[in-house]
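Here's the structure we're looking at; comments come further down.
The values are calculated or read from the model by the stated rules, or taken from the named source; none is laboratory data. Please read all numbers here as calculations on a predicted model, not as lab measurements. All Cβ positions, even for glycine, are placed from backbone atoms using ideal geometry, and neighbour counts span all protein chains on display.
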Amino acid sequence: MGDAWDLIVVGAGPAGAATALGALSADPRLRVLILDRAAFPRDKACGDGVSPDVTDMLAVLGAPGLLDDWAPVRRLELSHGERRVSRPMRRSVRVVPRTVLDHRLLTAAVDAGARFEQRRVRAVRPRGDVVIVDDDLAGRVVVGADGAYSVVRRVAGVPAVRRRALALRGYVVTPPKWSGRQVIAFDPEHRQAYAWCFDRGDGLANVGYGAFHTDGVSRAVLLRQLGELLPGADGGTDWRGHHLPLSSWRWPQPDGQLLLAGDAAGLINPMTGEGLHYAVATGALAGRAAAAAVTARRPETAGARHRMAVRALLGRHLRHTATAARLSAVPAVLMAGVTAADRDQHVFDDLVDLGLGQGRLTRRVLVGLARALTVR
Ligand SMILES: Cc1cc2nc3c(=O)[nH]c(=O)nc-3n(C[C@H](O)[C@H](O)[C@H](O)COP(=O)(O)OP(=O)(O)OC[C@H]3O[C@@H](n4cnc5c(N)ncnc54)[C@H](O)[C@@H]3O)c2cc1C
């Protein structure tokens, strides 16, 4: 076994790349190794919706303008049966295939000084003041950015995420009626399920269906329900499904040298299924926590540093999204949300912040909901 790496990152998705960028922007001299079982570019099941917070964070991490060549998408359309709202978002999102996004992020991490190696990690074992990976690598800190089925999470002793959604995505030629917009159609027949069509702006659109209750759900069921809600969207190609580990009221991160980020940390918005922004945010924080702990020659403090930083940034937001997810599981409340967003641009903006960013359940959202529930 050679010298210990300062930081080993398991998983080279957005959380892993952001971890490396976070560490190297804090201290460019650190020796950082990123491992992924896949060769890049690689695909990943996703709606490909990249919120503006992601591009902001990447700029801070030293990767500005990474997605500038992808068309900004401003309009968001939400519907539940006959209720519908179509409004411009305060800031544009971009819809970027993960083969492109993840490859660019990993390239930025390598350009910043990280080393990438293709390898499926099978074993992670803390030993003394280092963590041994697969018997032949040692890291002072190891970050698990290895997604929804994380090996590192299990070794760190963090219980499996309790609530998981299941979603399927494909690509279609963008139908003109869905051009230049993100369309989300909540399923009136199934609680906490929706179909989407997100225009990429290059002639194709990402389409899919996500179910937050997964009993009896199969690929055939997801496709059928997608076709029922957005006729034509089920005629796409490149279908790929994946689980979404949904965040809850509390966010666990143990002390020590094993840190978690992104899906491995169980961070997907339980209302919307958004996870890229949490992946980049918590990856960056994990990288900085690792850098601070290694620089202080106290790698065992990395876990506590990371926990404090993530809770400071997201703790309150996570409690609000957990509450909002419970509320929106009630169809009448969901419909009231669509109505309230249609009546008031500010309510719409606040709901977008809650679903795609770090927003809260604001007073005007609650008042809008109450009005929509009582005044028809
Ligand atoms: C269908 C669907 C639609 C979605 N739509 C959106 C959306 O529109 N917007 C949004 O923000 N979020 C969306 N999400 C959520 C988003 O895809 C995830 O939150 C995001 O991918 C998390 O990034 P990550 O880096 O944590 O994990 P991942 O992107 O899953 O990356 C994990 C990496 O770890 C690697 N890995 C795993 N195990 C090992 C191992 N043992 N050894 C080595 N490498 C390993 C994998 O190969 C992978 O590259 C969607 C999810 C799904 C399933």
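Miscellaneous remarks
- Candidates 315, 266, 283 - the one that is surrounded by fewer than 24 Cβ atoms within 10 Å (Cβ to Cβ) and not polar (S, T, N, Q): 315
- Some residue of region 38-58 being over 17 Å from the mean Cα position of the chain (by Cα) and more than 14 Å from the ligand (Cβ to nearest atom): no
- Qualifying residue in region 111-119 (condition: in contact with a Cys (Cβ under 8 Å, 6 or more places away or on another chain) and either farther than 22 Å from residue 12 by Cβ or acidic (Asp, Glu) (or both)): no
- Between 318, 314, 366, 285, the distinction of being within 20 Å of residue 89 (Cα to Cα) and part of a helix (DSSP H, G or I) belongs to 366 only.
- Check on residue 226, touching an Asp or Glu at 6+ places or on another chain (Cβ under 6 Å), outside the structural domain of residue 330 (by TED's automatic domain parsing) and within 14 Å of the ligand (Cβ to nearest atom): yes
- When we screen 363, 319, 311, 288 for residues that are without any contact (Cβ under 8 Å) to a residue 60 or more places away in the chain and of a type in the set (D, E, K, R), the only hit is 363.
- Of the strands (runs of 3 or more DSSP E) that lie entirely inside region 79-155, those containing 1 or more residues that are β-branched (Val, Ile, Thr) span 83-95, 124-127, 130-133, 137-144.
- Test: residue 131 is β-branched (Val, Ile, Thr) and in contact with a strand residue (DSSP E or B) (Cβ under 7 Å, 6 or more places away or on another chain): yes
- Within the option set 52, 97, 88, 159, being in contact with a Cys (Cβ under 9 Å, 6 or more places away or on another chain), farther than 27 Å from residue 29 by Cβ and surrounded by fewer than 21 Cβ atoms within 10 Å (Cβ to Cβ) holds for one residue only, 97.
- The residues on offer are 266, 275, 203, and the sole one that is among the small types (Gly, Ala, Ser) and more than 13 Å from the ligand (Cβ to nearest atom) is 203.
- Matching residues in region 278-299 - criterion: being β-branched (Val, Ile, Thr) and away from the ligand (no atom under 13 Å from the Cβ): 294, 295
- Residues satisfying the stated conditions in region 156-174, i.e. of a type outside the set (Val, Ile, Thr), in contact with a Leu (Cβ under 9 Å, 6 or more places away or on another chain) and not in a strand (DSSP E or B): 156, 157, 162, 163
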